[in-house]
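No lab work stands behind these numbers, since they all come straight from the coordinates. Every value quoted in this text rests on a predicted model; they were computed, and no experiment measured them. Every residue, glycine as well, gets a Cβ built from its backbone with ideal geometry; the counts of neighbours run over all protein chains shown.
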Amino acid sequence: MESIEALTQFFGWCAVINMSFLILATFFVTFMRGLVVNLHTKMFALSEEDILRAYFQYLAQYKIAALVLSVVPYVSLKMMS
């Protein structure tokens with residue numbers, strides 16, 4: 001079994017990578033909406049409203065998954081050590 005320090009470091013880096021990806025995706029959806037919506041509208045033949053709803057669901061679900069699967073274990077391990 002890995003040491004608590006190694007697991008803490010692992011989950012810490014997982015949290016950094018996941019939160020960075022979440023911030024990057026949020027940036028693209030928020031500030032480059034026109035470009036991203038046009039691209040996905042053409043790729044998937046969906047309406048703009050459906051695309052925006054899908055973006056919101058994606059960001060919300062990814063945020064919850066990142067928090068539960070990487071940030072919470074990191075904080076828990078930090079509290080244990």
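Remarks
- Gaussian network model of the chain, springs between alpha carbon atoms under 10 Å - residue of Leu39, Leu52, Leu24 with greatest fluctuation: Leu39
- Couplings for the stretch 11-23, taken from phi via the Karplus curve 6.51 cos²θ - 1.76 cosθ + 1.60 with θ = phi - 60°, read 5, x, 5, 4, 5, 4, 5, 5, 5, 5, 5, 5, 5 Hz in order; Gly and Pro are left as x.
- Ellipticity estimate at 222 nm from DSSP helix runs (n ≥ 4, -39,500 (n - 2.57)) divided over the chain, nearest 500: -28000 deg cm²/dmol
- Options (i) 9.9; (ii) 6.3; (iii) 7.8 - which one matches mean projected area of the Cα convex hull in nm² as calculated here: (ii)
- Farthest toward the positive end of the dipole of the stretch 1-75, out of Ile23, Trp13, Leu52, is the Cα of Leu52, where the dipole comes from beta carbon charges about the Cα centre.
- A DSSP coil position with no more than 14 other Cβ atoms inside 10 Å describes the following GluC sites (Glu not before Pro) in the chain: Glu2.
- Value of relative contact order over the chain, rounded to a whole percent, pairs C-alpha under 8 Å and six or more apart: 56
- As a rough footprinting exposure proxy, the listed residues Met79, Met19, Met32 were ranked by other beta carbons within 10 Å of their own, and the order from fewest upward is Met79, Met32, Met19.
- For the stretch 67-81, backbone phi angles converted through the Karplus equation (6.51, -1.76, 1.60; θ = phi - 60°) give residue-by-residue couplings of 5, 6, 8, 10, 6, 4, x, 4, 5, 4, 5, 5, 5, 6, 8 Hz, Gly and Pro being listed as x.
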